[in-house]
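Scroll down for the structure; my scribbles are underneath it.
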Amino acid sequence: MPRTLSTNLTTILSGAEREIDYTLDLDFPDSTTLKFATSPLNIAAGIYPNDLENVSEILQTLESATDSVSVSIQNKDRAAGLNLAANWQKWQQAEAVIGRYYRQLANGEPTGVNEWIEMFRGTVQRPEADDLRVSFDIVADTIAPGGIVCSRTLAQQCEFVFKDAKTCAYAGGETECNHHLTAKLGCDGKGNAHHFGGMQHRYPPDQDIPGTGGNTGGGIRPSCPRLDQYCLIDGGGGKPRTAMVGFLRATDLLFDPIAKEFNRIKSLELFENVEIFEFIAANGAVCYSSRSHKAIRNDSDRDGLAVSKFKPGDAVLTTAGHETAASKMLLGSRAGRGDVLKIELETGHIYCAGDTAEKMIVAHNAKSPFDLD
């Protein structure tokens, strides 16, 4: 649809000389804002350093609205890259606003007539940093992917951390909970059943529901890397590139370092506040994941073993760059709690994940439903 021009903008565009600069505002969920422009600007909207290197064409017609814009910010001083590395979760939820700042000129000098207009607004997608720049796409919020819906398990026992103010909310004098709904040591015994976070029925359900194989209980133990870990995906032209697990999308292709091929993702499922296990290989490869995350032991292994079952000295397959490298398990230990992403592949079922982009642990994409740990 056509834009309405203000009096100032009409005056500027009708003149013989003008200057146009692009501006970028990144608004983060904690209310902080980063500002960039193609020239140094000090205007009513704020102070903009000239760190905005590129803005792709913004095309709009009567039949088709703009759906995405590509942007690059200079990273030669490492400022933008370090901000992305330290606050990558905030970048996932950032809103970006692209604007144009028009100035009227007369004989090469500003006349004082200027105007800023918003050109495009959307969410930040797939930010990537190198030594020169931080690049990302801005996607219209009507087509941007939303949050991962499956953030809860079907376990009968409550999955909430006892006395967590945001979930369990119990504030009494009891010091332990067995996470059952009707037990004396569970929610009923503490008068906290309205905050129960499991799938246990208060009354025994019908055991002969048509079309089901029964419910054995026990819950789900996710097999997945922590969101801040790295993996290898298709970077185009048949070459893998590094991506952060928290930024994976269902359309990405994960790299199998053993078969040297890319495999489609079947599903991605977020699990919050999971016990994290630190797995360290002798060659320096490190991965933070859930305890049941399966590491591959050698080139012929296609099933893997839960990282919590490895012992120091056990063989483990790692990557150095894009090639596999045999190593041994050096150390494994608990590393607090965190959010993990369960990755399920359509084929192949082998990928790699690690704490650095240089070295990773080769892994199986999901644990067997018959594996109890």
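The values are calculated or read from the model by the stated rules, or taken from the named source; none is laboratory data. Since we're looking at a predicted model, the values are computed, not measured. Counting neighbours? That spans all protein chains shown, and the Cβs are built from the backbone with ideal geometry, glycine included. Calculation scope for accessible area: heavy atoms of the full protein, side chains included, ligands and nucleic acids excluded. Shrake-Rupley method; radii C 1.70, N 1.55, O 1.52, S 1.80 Å.
Things to note:
- Candidate values (i) 0.99; (ii) 0.96; (iii) 1.08 were compared with Rg/Rh (Cα atoms, Kirkwood Rh) computed on the shown model; the agreeing label is (iii).
- Segment 74-134 - percent relative contact order, Cα under 8 Å, separation 6 or more: 45 percent
- Ordering 15, 298, 117 by the projection of their Cα atoms onto the charge dipole of the chain, which places +1 on the Cβ of Lys and Arg and -1 on the Cβ of Asp and Glu, puts 298 at the extreme positive end.
- Ordering 267, 307, 349 by Cα displacement along the dipole of segment 244-373 toward the positive end leaves 307 in first place; charges were set at the Cβ atoms of Lys, Arg (+1) and Asp, Glu (-1).
- Residue-normalised accessible area of the chain, given per residue in Å² at a 1.4 Å probe: 54 Å²
- Qualifying trypsin sites (Lys or Arg not before Pro) in segment 43-123, DSSP loop, other Cβ atoms within 10 Å at most 13: 76, 78
- Helical contribution to [θ] at 222 nm, DSSP H n ≥ 4, -39,500 (n - 2.57), averaged over the chain, rounded to 500: -1500 deg cm²/dmol
- Pairs over the 24 Å Cα-Cα cut-off, from the set 35/239; 260/342; 35/342; 35/76; 90/166; 166/190: 35/239; 35/342.
- Ranking 360, 119 by solvent-accessible area of protein heavy atoms (1.4 Å probe, all protein chains present), from largest to smallest, gives 119, 360.
- Efficiency of FRET from Cβ geometry, residue 311 and residue 56, R₀ 35 Å, rounded to 0.05: 0.10
- Compared with the alpha-carbon gap, the fully stretched path from residue 182 to residue 164 is longer by 4.5 nm at 0.36 nm per residue.
- Solvent-accessible area, 1.4 Å probe, carbon plus sulfur percent, for the chain: 50 percent
- Taking a point 7 Å out from the Cα of residue 261 in the direction of its Cβ, the residues of segment 344-365 whose backbone N falls within less than 14 Å of it are 346-351.
- As a calculated quantity, the FRET efficiency between residue 31 and residue 193 at R0 = 45 Å, using C-beta atoms, amounts to about 0.75.
- If R0 equals 30 Å, the separation of the Cβ atoms of residue 283 and residue 132 corresponds to a calculated FRET efficiency of about 0.50.
- Here segment 248-332 is assigned +1 on the Cβ of each Lys and Arg and -1 on the Cβ of each Asp and Glu. Its dipole about the Cα centre then comes out at about 140 debye.
- Size of electric dipole in the chain: Cβ of Lys, Arg +1 and of Asp, Glu -1, about Cα centre, debye, nearest 20: 940 debye
- Local electrostatic count, residue 278, Cβ distance below 12 Å [Lys/Arg +1, Asp/Glu -1]: +1
- Unit charges on C-beta of K, R, D, E only; dipole of segment 288-350, Debye: 440 debye
- Relative contact order of the chain: 12 percent, from C-alpha pairs under 8 Å at least 6 residues apart in sequence.
- Each label point was placed 7 Å from the Cα along the Cα-to-Cβ direction; for residue 337 and residue 93 their separation is 1.8 nm.
- Projecting the Cα positions of 182, 107, 246 onto the charge dipole of the chain (unit charges on Cβ atoms of Lys, Arg, Asp and Glu, taken about the Cα centre) puts 182 furthest along the positive direction.
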